[in-house]
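Structure, as structure tokens:
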Amino acid sequence: MNKNPYPIALSFDVEDWFTVRNMRDAISEVDWQNQDLRVQIGMKFILDSLAEKNIKATFFILGWIADQCPELVRKISDQGHEIACHGYSHTPIDLLTPEAFEADLKKAIDTIEKVTGQKIKGFRAPSFSVMEKTAWALPIIKKLGLEYDSSIFSTRHPDYGVQNFPTEITTVSGLTEVPLKKSKIWGMKIPVCGGGYFRMLPYQFTKSALQRDLKKDAVVMYFHPWEFDAAQPRVKLGVLKTFRHYVGLNSNREKFLNLINDFEFTTIENMISKSARNRKPAEYFFK
């Protein structure tokens with residue numbers, strides 16, 4: 001294991017293969033009940049792997065999953081992991097009105113807290129959809145009693161991102177903001193912090209970038225249960241969406257096991273509590 005000044009804040013967005021944004025045009029929410037629910041497959045691998053290394057992580061739970069699989073959510077909580085919120089219906093914020101977003105988030109919080117019996121502190125928007133055009137969501141997150149957000153990705157992407165957003169923990173609209181970021185290596189800035197980026201890039205590339213980043217600051221990484229389920233159903237999507245969703249699924253378990261063997265980890269809540277720096281507000285990005 002590499003010793004770095006900072007650990008990685010490890011997080012998982014607990015959703016299933018058919019709930020993701022790439023599937024929205026192929027599988028509507030009203031058809032979710034007719035799909036092959038497979039979240040348990042990826043979650044078993046995740047929980048078993050973390051337990052073997054005694055790693056605690058943050059799990060952003062989709063409210064719909066908490067309704068369908070309450071025993072799974074309780075298991076995550078009972079194993080000592082941090083439980084946070086990923087919304088209810090996995091509808092990206094840019095596709096919702098403020099009123100619809102508030103109703104969706106409140107339903108998710110109520111559902112998850114009822115299942116776990118614990119107060120939720122953190123939120124991550126589906127598809128990192130807190131952006132300049134959806135910054136109105138931040139006061140709503142605060143209004144509903146949450147303390148931190150981890151929805152802003154300091155990158156440029158067709159569906160999300162706030163280019164050049166601060167990469168350190170900051171404050172926005174009274175919330176602690178824990179952003180995700182690109183890594184600089186070989187003169188390039190490339191996201192290596194999880195999801196399709198982790199699946200697509202060679203592991204040694206990711207490892208080198210993380211080692212460099214962790215000398216300066218903590219890093220947040222994210223994964224999804226369906227990314228560890230290579231046998232999931234194949235759906236006809238466009239070329240780009242097909243690549244985003246299915247790239248690297250066959251090798252992802254092995255790469256993840258290398259990752260948790262090579263680095264130290266913590267929860268986002270713990271990362272925030274141990275951050276001693278003066279957090280400069282980033283309100284200017286949304287004016």
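Annotations
- Phe263 touching a helix residue (DSSP H, G or I) at 6+ places or on another chain (Cβ under 6 Å) and touching a residue at least 60 places away in the same chain (Cβ under 8 Å): no
- Pairs are defined by a Cβ separation below 8 Å, a sequence spacing of at least 6 or placement on different chains, a first member in the range 73-91 that is over 20 Å from Asn270 (Cα atoms) and in contact (Cβ under 8 Å) with a residue 60 or more places away in the chain, and a second member that is acidic (Asp, Glu) and surrounded by 21 or more Cβ atoms within 10 Å (Cβ to Cβ); the pairs so defined are His90/Glu15.
- Only one of Phe263, Phe256 that is under 20 Å from Thr167 (Cβ atoms), of a type outside the set (Gly, Ala, Ser) and in contact with a strand residue (DSSP E or B) (Cβ under 8 Å, 6 or more places away or on another chain): Phe263
- Matching residues, the range 113-132, being on the phi > 0 side of the Ramachandran plot and in contact with a His (Cβ under 9 Å, 6 or more places away or on another chain): Ser127, Phe128
- Check on Val130, surrounded by 16 or more Cβ atoms within 10 Å (Cβ to Cβ) and within 19 Å of the chain's Cα centre (by Cα): yes
- When each of Ala218, Ala230 is tested for being surrounded by fewer than 21 Cβ atoms within 10 Å (Cβ to Cβ), small (Gly, Ala, Ser) and under 20 Å from the mean Cα position of the chain (by Cα), the lone residue that passes is Ala230.
- A residue that is under 14 Å from Phe265 (Cα atoms), of a type outside the set (Gly, Ala, Ser), exposed (fewer than 12 other Cβ atoms within 10 Å of the Cβ) and touching an Asp or Glu at 6+ places or on another chain (Cβ under 6 Å) can be found somewhere in the range 2-13.
- Scope the range 45-92; condition farther than 24 Å from Asp104 by Cα and of a type in the set (Val, Ile, Thr); matching residues: Ile46, Ile55
- Restricting Met23, Met131 to residues that are closer than 28 Å to Ala230 by Cβ and among the hydrophobic types (A, V, I, L, M, F, W, C) narrows the list to Met23.
- Single unsatisfied condition, Ile27 versus (1) in a loop (DSSP other than H, G, I, E, B); (2) touching a strand residue (DSSP E or B) at 6+ places or on another chain (Cβ under 8 Å): (2)
- Residues in the range 207-246 that are among the acidic types (Asp, Glu) and free of Cβ contacts under 8 Å to residues at least 60 places away in the same chain: Asp213 only.
- The residues of the range 135-159 that are within 19 Å of Gly196 (Cβ to Cβ) and in contact (Cβ under 8 Å) with a residue 60 or more places away in the chain, listed by number, are Ser150, Asp159.
- Subset tally (residues that are under 19 Å from the mean Cα position of the chain (by Cα) and small (Gly, Ala, Ser)) for the range 174-208: 4
- Residue selected from the range 161-189 under the condition of a type in the set (A, V, I, L, M, F, W, C) and either within 18 Å of Lys216 (Cα to Cα) or out of contact with any strand residue (DSSP E or B) (no Cβ under 9 Å at 6 or more places or on another chain) (or both), by the criterion surrounded by the most Cβ atoms within 10 Å (Cβ to Cβ): Leu180
- Counting only helices (runs of 4 or more DSSP H) wholly contained in the range 231-287, the ones carrying 3 or more residues that are within 29 Å of Gln79 (Cβ to Cβ) and of a type outside the set (A, V, I, L, M) occupy 252-262, 268-273.
- Residue match in the range 48-61 (condition: farther than 28 Å from Ala100 by Cα, assigned to a helix (DSSP H, G or I) and touching an Asp or Glu at 6+ places or on another chain (Cβ under 9 Å)): no
Read-outs: derived from the displayed coordinates by stated rules, not from any lab. Note that this is a predicted model, so its numbers are computed, not measured. Virtual Cβ from ideal backbone geometry, glycine too; neighbours counted across all protein chains shown.
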